[in-house]
Amino acid sequence: DGCIVDIGLDSDVRRRNPDVTADDVIDASGKSIIPGLVDAHTHPVWAGDRVHEFAMKLAGATYMDVHKAGGGIHYTVDHTQKASGQELFSSLRSRLEAMRRAGSTLVECKSGYGLDLETEMKMLEVIDRARHELSIGVSSTYCGAHAVPKNKTAEEATNDILDQHIPEIHRRVEDGTLRVDNIDVFCERGVFNVDQSRLILTAGKALGMNVNFHGDELHPTGSAEMGAELGALAISHLEEISDKGIDAMSTAGSVGVVLPTTAYILRLRPPPVRNMIDAGMAVALGSDFNPNAYCLAMPMVMHLACVLLHISMPEALNAATINAAHALGVSDMHGSLEVGKYGNLVILDSDKWENLIYMFGCFQDVIQHVVYKGNIVHSRN
């Protein structure tokens, strides 16, 4: 069933399991084995690239400057609304396969570039299809409150989500045609405020979704305090989190999902990760893969986290495995190598696992095999 049944020295494992045979045998002598990596925050379903915006940012434009110029999320929304489900699935498949080659065996995947009911459902269907058809773990997140649609106010968009989107998701989940694991909102000044975000997140939580949302990214809004009050499983970004927010999340047990690629690309102040860890918060890592932060490789995220966020390599490994799995509510089966958990692992062509982080951008040379539920799903040529 793809789960680990025994761990130990070869001689002991063979003695305890005399009748077990293997279709494939990997000689891992002199190599390292780590759990499959978990990417706790991505936006991988979209159409229309935004490479031109990177040039704008290099010239000094801020995230909101690009947004006001008609770019940003709305540019991607326009293209995603026009794309077919098959087109979106084809691009998602290639992106997830690239993530898998970089060692990820579980990826959180958000909707959020639809904003209208039809496109949001199309995106969630594409994510669900990937869960069933691809050899990689998928955690599905509804993020219809990713931006305010062009023809609506934030209040109108909030009401539309509460009156139309959430009931439709509920209907599809109840009839077994859709699975959605998490609910997300972009709680930010000029997007959805704290009160609007609370309403949406509460509605999703009532349907059994994990509260796992964007907070305190560009401005200190009190998102962390609000999320902790709701019992959020995880809150992402947190570049502008307050000391009070850190204490609230630590007390509530909410995971801080930090995204070093975003702070790096947008030239934001990095989140205060050392303060979070010192306060007892669990910290997880995500790539934040999206048209605005194009990074598919968790080893590069881990390297940036060490350099920019001042965490150690063991802390980065924890944040990209067991803590990230916990941020998605699945640490019972993902994130560590233990009997009973899925056989998701990465075999490194090095006797030092740290080389996966140290050798920046060279993960293709370090990763020899990726195993998902006991099957080899990638091998270096």
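The values are calculated or read from the model by the stated rules, or taken from the named source; none is laboratory data. All values reported here derive from a predicted model rather than from experimental measurement. Neighbour counts run over all protein chains shown; Cβ positions are idealised from the backbone, glycine included. Keep in mind that these areas ignore ligands, DNA and RNA; they rest on the heavy atoms of the full protein, side chains included. Shrake-Rupley method; radii C 1.70, N 1.55, O 1.52, S 1.80 Å.
Rounded, prolate or oblate: which fits the range 33-82 when a ≥ b ≥ c are the square roots of the eigenvalues of the alpha-carbon gyration tensor, with rounded for a/c under 1.5 and prolate only if a/b beats b/c?
Judged from the Cα gyration tensor, the range 33-82 comes out oblate (a/c at least 1.5, b/c at or above a/b).
With the Cα gyration tensor of the range 204-313 in hand, convert its eigenvalues to equivalent ellipsoid semi-axes via √(5λ) and list them largest first in whole Å.
Three semi-axes, in Å: 22, 16, 13.
Can you give the relative contact order of the chain as a percent, counting alpha carbon pairs under 8 Å and 6+ residues apart?
21 percent
Find the accessible area per residue for the range 11-50; the probe is 1.4 Å, ligands and nucleic acids are left out, and the unit is Å².
Accessible surface, normalised per residue, equals 57 Å².
Which of the lysines could be linked to K352 by a straight reach, that is with a Cα gap under 20 Å, when you skip same-chain ones fewer than 8 residues away?
Straight-line reach from K352, under 20 Å: K31.
If packing is taken as the mean number of other Cβ atoms within 10 Å per residue, what is the order of 70-79, 177-186, 31-40, highest first?
Output ranking for 70-79, 177-186, 31-40: 31-40, 177-186, 70-79.
Carbon and sulfur: what percent of the range 186-275's accessible surface (1.4 Å probe)?
51 percent
Taking the alpha-carbon distance from K110 and a cut-off under 17 Å, which lysines remain once sequence neighbours fewer than 8 residues away in the same chain are dropped?
K122, K205
Compute the accessible area per residue over the range 194-352, keeping the other protein chains in place, probe 1.4 Å, unit Å².
35 Å²
Mind listing the long-range amide H neighbours of L115? Cut-off is under 5 Å, sequence gap 5 or more, other chains count too, H placed in the peptide plane at 1.01 Å from N.
E120
From the convex hull of the Cα coordinates of the chain, what is the mean projected area in square nanometres?
If you wrap the Cα atoms of the chain in a convex hull and average its projections, you get 18.8 nm².
Just tell me which aspartates and glutamates come within less than 14 Å, Cα to Cα, of K57; anything on the same chain fewer than 8 places away is out.
D65
Could you compute the FRET efficiency for T202 and D175, with r as their C-beta to C-beta distance and R0 at 30 Å, rounded to 0.05?
With R0 = 30 Å, the Cβ-Cβ based efficiency is 0.80.
Run the numbers for S84 and R267: contour at 0.36 nm per residue of separation, minus the present Cα-Cα distance, in nm.
Computed gain between S84 and R267 is 62.5 nm.
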